[in-house]
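Here the structure is laid out as structure tokens; the discussion comes afterwards.
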Amino acid sequence: LTRPQVISIAYPLHNQQRHCSSAQMSRRRVGFCLSDKKRRQINLVAFAELCASHSVEVVEIDLSQPLESQGPFAVIVHKLSDVIVKAEYDSQSQQLLDNFQGYVSTHPHTVLLDPLPAMSQLLDRFASYRIMSQLQNSLRDWRISSPPYLEISTSDLSVIQQDVESKGLSFPLICKTRVAHGSCSHDMSLIFSMAGLSEAHPPCVLQSFVNHGAVLHKVFVVGEDHFTVERPSLKNFPPGPYERKTIFFNSHQVSKPESCSHLTALDEKVPRLPPPSGEAMVALVRELRAELGMALFGVDVIVNINTHTLTIIDINIFPGHWAILHFHLSLTDTLIQNDLQSSKSLYSAIFASMLHFHSYSISCSLSSSLPHQPHISVPLFQAMRECLSSSPPSSVTLSQYWTTRNWKSPRQHVLLLPLHPRLTSEL
Ligand SMILES: Nc1ncnc2c1ncn2[C@@H]1O[C@H](COP(=O)(O)OP(=O)(O)OP(=O)(O)O)[C@@H](O)[C@H]1O
Ligand SMILES: O=P(O)(O)O[C@H]1[C@H](O)[C@@H](O)[C@H](OP(=O)(O)O)[C@@H](OP(=O)(O)O)[C@H]1O
């Protein structure tokens, strides 16, 4: 296999279009309230087409207009993180949020993915780290923990130093802003000694750094479903304290699929740890879902190289979903569970129309963790990488297609999917 052909799969569309009255139609209306970037990322246009072919109407909510005239909605899917953070200091944003919440409160049958208070707690690392730390109690049997941390609200260095000592936090420490959303929230630092704590600027959290072999496991949760991908991550550091300049970095330089940084290149050869067990991940996701009361979130997990403990380091609201088709399937499932009165057989039709939509796609059960995926051969994988170059289709982000960084023809796009039992059975 040197140069694989790009296969055109043109599945016949299942003609399952149902004819609904307008009243039925509005019961099947799903409102989306997302940024332009997010809309592109999840390919909302394609998703709306899919839904339309099954009599589910997707509308984009205009927050500045009364929601009453845009609804009624069976489900609202949103990521209002920007608005929630801005509402702290901006009355116009607060007004938009109040209108939105007002609509939700007066329409108890509208399912909100996800509730605003649940989301708000993830925008504040003080709150989300408390949740992570409480979770340790219920997940102890699974050897799942979160690193010890400290909330910093003062700039008094001696107070910070005392707190670090009395809490027994081990160096290096990773310093993260309290606010977990927005461009500055990804700027962090690695502090190696008590003196270095002068560079921790409140409000922030100081969290013990856990050596994990530079592998991050990103778990994406969509309703009842979850899927995991591996990402680059920070390399190991010798346990401190010791004299070393504070390292400042942006989390997106080290943990995006395409990240390539000296901070993620291991200094030593260490055996690769097996990925977290499926059962432990299921337990983690189940507990988190119940604890957060959310359907669309992500959790970042690392494996401690010394104790092999699964360590939760971050929880994200509605993160960038890596495999778009997988996401559509899972989201459809979530919408169905939330009473769109559709049957599970919708899957095959949606799957077929997705294939139709991507009629110049090869769908492969392939994930970033290639060595753990016995169903695809390394030569095929390499050949696919070589064959593709030029820019990705505008509807997708680089993250979703990270393994195909070099594209040749915009019409020949390869859809790389993680192994999904439902997809394989459909195939
Ligand atoms: N306690 C820790 N021990 C070891 N590495 C850590 C720890 N916390 C964070 N990291 C590293 O720093 C990166 C960024 O951390 P974190 O996920 O908290 O940032 P973020 O900006 O909230 O990320 P996201 O883009 O997912 O929102 C992680 O991907 C990981 O490489
Ligand atoms: O695509 P991945 O690598 O999973 O990264 C996500 C981050 O983990 C999230 O923190 C981002 O959300 P915020 O923009 O709310 O920080 C999220 O932003 P998004 O809502 O724009 O997708 C992503 O950057």
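We did not get these values from a lab; they are worked out from the coordinates using the rules stated. Here the structure is a predicted model, which is why all the values come from computation and not from measurement. Cβ: placed from backbone, ideal geometry, glycine included. Neighbour counts: every protein chain shown.
Beta carbons within 10 angstrom, averaged per residue: use that to sort the peptides 217-225, 129-137, 98-106, highest first.
So the order, starting with the most tightly packed, is 217-225, 129-137, 98-106.
Can you order the peptides 168-175, 197-204, 38-45 by their average number of other Cβ atoms within 10 Å per residue, highest first?
168-175, 38-45, 197-204
Could you go through the stretch 117-134 in sequence order and give the Karplus-derived ³J(HN,Hα) for each residue, using 6.51 cos²θ - 1.76 cosθ + 1.60 with θ = phi - 60°, rounded to whole Hz, and x for Gly and Pro?
Values per residue, Gly and Pro as x: x, 5, 5, 4, 5, 7, 7, 10, 5, 4, 6, 5, 6, 5, 4, 4, 6, 5 Hz.
What number comes out for the charge environment of GLN161, summing +1 per Lys or Arg and -1 per Asp or Glu over other residues with Cβ under 13 Å away?
Local charge sum for GLN161: -3.
Determine, for each peptide in 241-247, 293-299, 264-270, the mean count of other beta carbons within 10 angstrom over its residues, then list the peptides with the highest first.
293-299, 241-247, 264-270
Tell me, what ³J(HN,Hα) does each residue in the stretch 204-219 have, in order and in whole Hz, if you take phi through Karplus 6.51 cos²θ - 1.76 cosθ + 1.60 with θ = phi - 60° and put x for Gly and Pro?
Karplus-based 3J(HN,Hα) across the stretch 204-219 equals 7, 10, 10, 10, 4, 7, 10, 5, 9, x, 6, 10, 10, 9, 9, 9 Hz.
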